[in-house]
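Q: Pasting in a structure now, in structure tokens, and then I'll have a few things to ask.
Derivation of every value follows stated rules applied to the coordinates shown; laboratory data play no part. Not measured: the values here are computed from a predicted model. For neighbour counting, all protein chains shown are included, and Cβ atoms are generated from backbone atoms with ideal geometry for every residue, glycine included.
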């Protein structure tokens, strides 16, 4: 494993109750390594607070010129929460599809 | 544009059906003005016509029906009652809408008629003690109609649908823009914004557009704060109030703005909204700013972003444009895909072709019989083809079958209007409206039925004063009933009026030389005389009937349908006209028989059985009685009846048919078997041929006559009666 890469595991319940802790952990993770890989596969429940964290993380990574990748598989709960947020993404395209969608929003200048 | 024309034609068809239903509902409401279901049906029909008319550019209809819908909404709300005055106006309005549907020239007389009817409606409301809205005092119906505007004429509030049974009516669709801007602290009271968006999505078709611009980087983000806001475009049949309910508990922690931005039903055929217009509606830019941007001849979005409009706002406006376009297209697509309307001419052409196919298939079967032993594969193919052709025939015929009830409602209106003219009270009852008949038969039945009903009303039902003297209820009853009777439909029109006066008919018949003075004629036969050309016993000629022109025409029309008509009556009690009409005129299942080398077809559904008949040496009469199954059965010899020459075989067969005139046995040489029969008319020369109703072409190209078994039963009965006399 590359020493510059950190795999960050999201908790099972990515909800408001755990968002403060998650936020701090994400900030630390982003600072600690140049490249961050997000493992979302354990997520069973996710709410808007965690979706905000996830999207903000991507925004921050661009600003801080950090490499950020999503790992497959992405649980359906994540896609469902993104869909309800209004995020247009095809679950069939997995992690790469989600990263492409986020990139698209960023290029459009709306994220 | 061609597609739009198709939709316009489809709308006209649909509108005619809705108007027929509307008439039925109005007539029911006249009897039961508080029937909520009928009120709702009436409102829905009017609303649908209004919406669709607007959608397809029938502005006069749209404006006119909008006013009527407003009145119906007040009825629905219990503010008004549909009394007979208002019902009359609505019935006339229904007729007027039919005229407007066919008006291609924007006839000013029709416009005037719209105004006149709306003024009559207003007068009827005043008469009933109802109040008119403020608008009516500010603008006359005429002015409103001339402007082509949708103004509330008599309804104080807008006619938004509200009753529960309209929720799924696609004609009530609206598209709303819901701007949902949660406060930063919305999470604190336990609110989950995504749950609210989910609730909104459940109300209809939603496009969710998030705004991320407030979302900070992780360093500045507070986990317990909400940074997103949304535009949700929702196309739904729900009302604005129901959408507001979703946000009931976040009124203090969120900004919510709901705007109705489109009605797919009313705007489907319109040009899609322009992005500049959407942005102006949203208040994102002014009209002048859009015009200035357009004048720069660059992409509007780019120019507006340069001018400070947020990319998210423009993106949201683009998605709104796309959502509106999609929902309009979907509605148009739904209109065209639920049913396929096919002109009856095309169906007739299909049935004709199927008829030819049936004939050809019969020829093939006959040809194959000759090679049966040599080519079993050919036989198998022929048999399979026969099955498919039979199924194809049934499928094609079923497409033309329509319930008789579609014409019943027309008669209800006829009875209503006529009874008012004649100052008679009549309850018109119908039964068996679901009974199906071939459309061509139904079309041809309408006229004779109208005549018979008018006759019952004019000559049968007495005026209330007379009925009272006779101890009858003031209100007379006319019953129109239809039911299946084998391959036929039996339709009866019964009135509980004065019945037929046999003696009066006899006197008139003697006077006209139709019968001899001392002739013994049964009551039934006397009744039949009223269908003789020019025969009338009416003392006065009314607008309705009494000229003696009609019953003979009715008889001819029924016989042209290969049907029959008979009359039952009891003086002072009732008169009943019974029509026996074949289900279809095109293709029937027949029984093919041979007599003296000539081929004949019996409609199979009339046939009960076939029995052997051994001939003895005694000469047979044209009509005799046969004892069969302990029953006396009149029999008639087809050979003798039609003067067919040749040697009578020692053994023949009797085809026993059960007809409206009773059972009859018809002697034929031998039965060949079942035969799919494509019915061809006999032509004028053979129209008078007794006992024959049509012809068909057989597989070998020869012609077989179709036997009218009912007529033969009647002839047999008459011959036997004459012999007995």
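Q: Kindly put B:188, B:320 in sequence by how many other C-beta atoms sit within 10 Å of each C-beta, fewest to most. Mind dumping the intermediate values first?
A: Details: B:188 13, B:320 24.
Placing the least packed residue first, the sequence is B:188, B:320.
Q: Which distance in nm do the two modelled labels at residue A:106 and residue B:35 give, with both placed 7 Å along the Cα-to-Cβ direction?
A: Reported label-point gap for residue A:106 and residue B:35 is 6.7 nm.
Q: Could you state the orientation-averaged shadow area of the convex hull built on the Cα atoms of the range B:374-414, in nm² to one decimal?
A: Values: hull surface 13.3 nm².
Reported value for the Cα convex hull: 3.3 nm².
Q: While we're here: Could you order the peptides B:450-458, B:648-656 from most to least packed, using the average number of other C-beta atoms within 10 Å per residue? Intermediate values should be presented prior to the final figure.
A: Working: B:450-458: 22.1, B:648-656: 17.7.
Top to bottom by mean Cβ count within 10 Å: B:450-458, B:648-656.
Q: Tell me, what is the FRET efficiency for residue B:484 and residue B:202 to the nearest 0.05, using R0 = 56 angstrom and their Cβ-Cβ distance as r?
A: With a Förster radius of 56 Å, E is 0.75.
Q: Using helices alone, I'd like the mean residue ellipticity at 222 nm for the protein assembly as shown: each DSSP H run of four-plus residues gives -39500 (n - 2.57), total over residue count, nearest 500.
A: Theoretical 222 nm ellipticity from helices: -15000 deg cm²/dmol.
Q: Sticking with this structure for a sec: If we restrict to alpha carbons, what Rg and Dmax does the range B:380-475 come to, in Å?
A: 20.8, 74
Q: How shielded is A:80-92 by partner chains, expressed as the average number of their Cβ atoms within 10 Å of its Cβ atoms?
A: On the way: counts 2, 1, 2, 5, 9, 8, 15, 3, 5, 0, 0, 0, 0.
Taking all residues of A:80-92 together, the mean is 4.
Q: Report Rg/Rh for the protein assembly as shown, rounded to two decimals, where Rg is the Cα radius of gyration and Rh the Kirkwood radius.
A: Expressed as Rg/Rh, it is 1.14.
Q: Using R₀ = 56 Å, calculate the FRET efficiency as 1/(1 + (r/R₀)^6) where r is the Cβ-Cβ separation of residue B:383 and residue A:32; round to 0.05.
A: Numbers: r = 83 Å, r/R0 = 1.48.
Calculated value: 0.10.
Q: Further question: Suppose R0 equals 51 Å. What FRET efficiency, 1/(1 + (r/R0)^6) with r the Cβ-Cβ distance, do residue A:77 and residue B:281 give to the nearest 0.05?
A: Numbers: r = 37 Å, r/R0 = 0.72.
Computed FRET efficiency for residue A:77 and residue B:281 comes out at 0.90.
Q: Still on this structure, I have one more. Using label points projected 7 Å from each Cα along Cα→Cβ, tell me how many nm separate residue B:516 and residue B:349, to one decimal.
A: Those two pseudo-labels are separated by 5.9 nm.
Q: Next question. Mind ranking B:65-71, A:53-59, B:363-369 by how tightly packed they are, going by the mean number of other C-beta atoms within 10 angstrom, highest first? List each step's numbers first, then the result.
A: Numbers: B:65-71: 26.7, A:53-59: 22.3, B:363-369: 15.1.
Packing order, densest peptide first, comes out as B:65-71, A:53-59, B:363-369.
Q: Could you work out the mean count of beta carbons from other protein chains within 10 Å of each residue's beta carbon in A:48-56?
A: Values: counts 12, 10, 1, 4, 10, 4, 0, 6, 10.
Taking the mean over all residues of the peptide, I get 6.
Q: Report the full-extension gain for the segment residue B:631 to residue B:214: residue separation times 0.36 nm, less the Cα-Cα distance, to one decimal in nm. Please report the intermediate quantities before stating the final value.
A: Numbers: separation 417, 0.36 × 417 = 150.12 nm, distance 9.70 nm.
Extra length from residue B:631 to residue B:214 when fully extended: 140.4 nm.
Q: Follow-up question, since we're still on this one. Take peptide B:190-196, look around each residue's Cβ out to 10 angstrom, count Cβ atoms belonging to other protein chains, and average those counts.
A: On the way: counts 1, 1, 5, 5, 11, 3, 1.
Across B:190-196, the average partner-chain Cβ count within 10 Å equals 4.
Q: Here's another thing I want to ask about it. Please give the peptides A:7-13, B:342-348, B:563-569, B:407-413 ranked by average Cβ packing (other Cβ atoms within 10 Å per residue), highest first, as a rough proxy for protection.
A: B:563-569, B:407-413, A:7-13, B:342-348
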